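Visitor: Let me begin by handing over the structure; questions about it come next.
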Amino acid sequence: MDIDEPTLMLVLGVASITASAMFFTLHASARHIGGVRSWAYACLAVGFAVLLDAPRLVGNWQWASLLFNIPFSVGQALLLAGTAQFVGRRWGKHTLTLLIALAVLLTLAFTLVLPDSALRIFTQTLYQACLNALSAWYLWHHRERQSSRAYGVAAAIFLGEAAAALAQGVFVMISTLPVTYAAPELPLANIVNWAGVLANTLLGNWILFLLVMLRLVRDLQTDAMHDPLTGLLNRRGLRSHINSLLAPGRSLRSLAVLLLDIDHFKALNDRHGHATGDRVLVMMGEVMRGLGSAHVVPCRWGGEEFCFVVDSHSDKSLIELAERARQTFQRTSAAHPGLPSGATVSIGVAAVPVDGSFAFSRLVALADAQLYLAKHGGRNRVCSALDQEALSQD
């Protein structure tokens, strides 16, 4: 059975409305992901435009043009705004307003003021091509490493849509035939146009849906690997980091661990309350994050215990790192109301060679033994298995 153009438009309109509902549903459960709501409104605007034009009930081509092109162009602007927001680019409301105003002015100019179907189609397709090309650039330039292939496919689809729109406009402008509302005189231009519309509706919307789902999966993985209070790696995240360090092909000669335990934390909680205790934990996380680097990875070990895993070090640098952590934490916590003397931390340091007998649990046990010495040696100090000397500090 032959499918005529109105029927195809009806199907695509329903598909766009369905995609809009899908994005609105995603936004309701993933409000932290930017751009999803803009994509929902974009699909709604495009679906509205296509469904309104599909039956060809409006006999006056000028009114038909206004009812189709304005919401369709608004949808394209919203699609670009959503893409920019999704990849973390700032997108002001004024920019979106200007794009929409430009589309409305172009439609009004070549529909009512200077009625010219060829110029109207060319300006509208050029507008669409520019916006889709910019969306493709955003997706390609800001693609996430874990989902780079999906971002690449999405960018290619948007670039294809831009090329199809631009090709349609060029065909219309170079044609020697008079062009009417939907340009039935130019079947090649219409074929190119429909290829772009199909790519937009049946591929573009679903690849954007896939990107949102991949972002949600990444966020879940991140949450599973990090402590929610301090934002540092938790034990699961640290284990993943250790596995990457010990992966085949890595030339790692030694590994060090610094175990940190906040002194008298239970008494601090009992005296000042859990809110203050949580704030102290957060301050410790901030101090450790400030001292972290590609080779110095901080982690919340559990409760009031924290640790650094260091994969590029000297004995002197490890002691210096421990001392900076100890002193900075006491100074930072002293700025908290109710803790004029600040809180203190005891630190155990250990390092072992990475060879065939290496076991991370043994390294942690060595650091824990030094932490025990620091605790029972008066607290607020660093003890190291590097030289077996306890370094007492004020």
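The values are calculated or read from the model by the stated rules, or taken from the named source; none is laboratory data. This structure is a prediction, so every number in the text was calculated from the model and none was measured. Neighbour counts run over all protein chains shown; Cβ positions are idealised from the backbone, glycine included.
Visitor: Only one of these conditions is not met by residue 387: (1) at pLDDT below 90; (2) more than 17 Å from residue 314 (Cβ to Cβ). Which number is it?
Guide: All conditions pass for residue 387, except number (2).
Visitor: Turning to a different aspect of this structure: Out of all the residues in region 217-243, which are hydroxyl-bearing (Ser, Thr, Tyr) and at pLDDT 90 or above?
Guide: Passing the criteria: 230, 240.
Visitor: On to the next question. Condition (residue is modelled with pLDDT of 90 or more, under 21 Å from residue 33 (Cα atoms) and crowded, with 16+ Cβ neighbours inside 10 Å) applied to region 156-172: is it met by at least one residue?
Guide: yes
Visitor: While we're here: Step by step: first the residues of region 266-290, then only those that are of a type in the set (A, V, I, L, M, F, W, C) and in contact with a strand residue (DSSP E or B) (Cβ under 7 Å, 6 or more places away or on another chain), then the one that is farthest from residue 328 (Cα to Cα). Which residue is that?
Guide: Per the criteria, the residue is 280.
Visitor: If you don't mind, another one. Quick one: count up the residues across region 285-339 that are buried (at least 19 other Cβ atoms within 10 Å of the Cβ), closer than 18 Å to residue 374 by Cα and within 33 Å of the chain's Cα centre (by Cα).
Guide: 8
Visitor: Among the residues of region 11-22, are any buried (at least 20 other Cβ atoms within 10 Å of the Cβ) and in contact with a Lys or Arg (Cβ under 8 Å, 6 or more places away or on another chain)?
Guide: no
Visitor: For region 20-34: of the residues being under 22 Å from residue 218 (Cβ atoms) and of a type in the set (A, V, I, L, M), which is farthest from the chain's Cα centre (by Cα)?
Guide: 22
Visitor: On to the next question. Quick one: residue 91 ticks every box in (1) touching a residue at least 12 places away in the same chain (Cβ under 8 Å); (2) within 28 Å of residue 36 (Cβ to Cβ) bar one, so which box is it?
Guide: (1)
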